[in-house]
Amino acid sequence: MDISNCPFEGSLKPLESLNKLEQLNISNTSLKEGLEYLPESCKKIYCNSNYPHQSTKIMEELDKSRCLVEEKEDSKSTSKKYYSLDKWRTDKQNNITASTIPLERLFVIRNNLKQFLNK
């Protein structure tokens, strides 16, 4: 779905029921939040925006996860860049786990697992 350069603003929440959505282009829109509402079927998001567009906030969140992918086109020497939502979702889940379980506890768990595996 391509909604780039459209006057949409706010959140991506209205798209959560689009279960067949596979990719989304939100470049140069005023969307600023709601990645978590995109359906699991959505794997790619294209977002190439400059200030004053609010979609730069979504780009910043995606950049934190380092989920930018460069896809080479076979017939041309150009490439397309998109953000992998699966990678973003995994990173977000890992950050939630890391912030929930204290680091010291993770070391104890790791040591317990090592001892169990060595038996």
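Here are some notes:
- Positions within segment 16-39 being of a type in the set (G, A, S), over 12 Å from the mean Cα position of the chain (by Cα) and not in a strand (DSSP E or B), in sequence order: S17, S27
- Residue in segment 49-65 that is of a type in the set (K, R) and assigned to a loop (DSSP other than H, G, I, E, B) present: no
- Within segment 28-53, being under 13 Å from I3 (Cβ atoms) and modelled with pLDDT under 85 holds for N28, T29, S30, L31, C47, S49, H53.
This table checks each residue for (1) closer than 20 Å to D91 by Cα; (2) of a type in the set (F, W, Y); (3) in contact with a Pro (Cβ under 9 Å, 6 or more places away or on another chain); (4) modelled with pLDDT of 90 or more.
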site	(1), (2), (3), (4)
I3	no, no, no, no
Q23	yes, no, no, yes
L62	yes, no, no, no
S75	no, no, no, no
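The values are calculated or read from the model by the stated rules, or taken from the named source; none is laboratory data. On a predicted model such as this, the values are computed, not experimentally measured, just so you know. When we count neighbours, we look across all protein chains shown, and the Cβ atoms used for this are built from the backbone with ideal geometry, even at glycine.
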